[in-house]
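Notes follow once the structure below has been shown.
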Amino acid sequence: MEVKLINVARASLEELLEDYRDFLRVRGLSLWEKDSREAQYIRKLGASSDAAYATFRDFCETRPAGIVANIAICLIHQANYLLDQQLRRLEKDFAEQGGLRERMTRVRLQARARPRDAK
């Protein structure tokens, strides 16, 4: 179930990414290259452990729409990267420990195997 939900989130972000790219294309605005100075700066900001909307508020409220769209694109790429990492971990855990039903069955069998306290 977790894998399905992460895949839904990933697909939604991909749709949003395309919307931002279309926004730039339709308006004749440039899309930052992955290794551009601007993209690297935004990636660095987004990679900090305390990154939040406040980290980007000044940029989003004071920059032109094309720059804000590029910032959003950078952040979507970072979110996708993190979701991909989480998917790989969930797949590894599934292979090693089984799915939710298997884990629940294992816990139930262990509970049955424990001696009951005499009351």
Expected unfolding gain across ALA95-GLN110 under the 0.36 nm per residue rule, minus the alpha-carbon gap, is 3.3 nm
Per DSSP H run of n ≥ 4, the term is -39500 (n - 2.57); total these for the chain, divide by its residue number, and report the mean residue ellipticity at 222 nm rounded to 500 deg cm²/dmol. -26500 deg cm²/dmol
One point scatterer per Cα, no solvent, Debye formula: log10 I(q)/I(0) for the chain at q = 0.11, 0.18 Å⁻¹ comes out as -0.54, -0.99
The chain: angle of helix 65-97 to the longest principal axis, Cα-based, in degrees nearest 10: 20
Between 0 and 90°, nearest 10: helix 100-113 axis offset from the chain longest Cα axis: 30
What order, most packed first, do the peptides 65-71, 107-113 have when packing is the mean number of other Cβ atoms within 10 Å of each residue? 65-71, 107-113
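Each reported figure results from applying straightforward, stated rules to the coordinates on display, with no laboratory input. Being a predicted model, the structure only gives us computed values, none of them experimental. Reconstructed Cβ throughout: ideal geometry from the backbone, glycine too, with neighbour counts over all protein chains shown.
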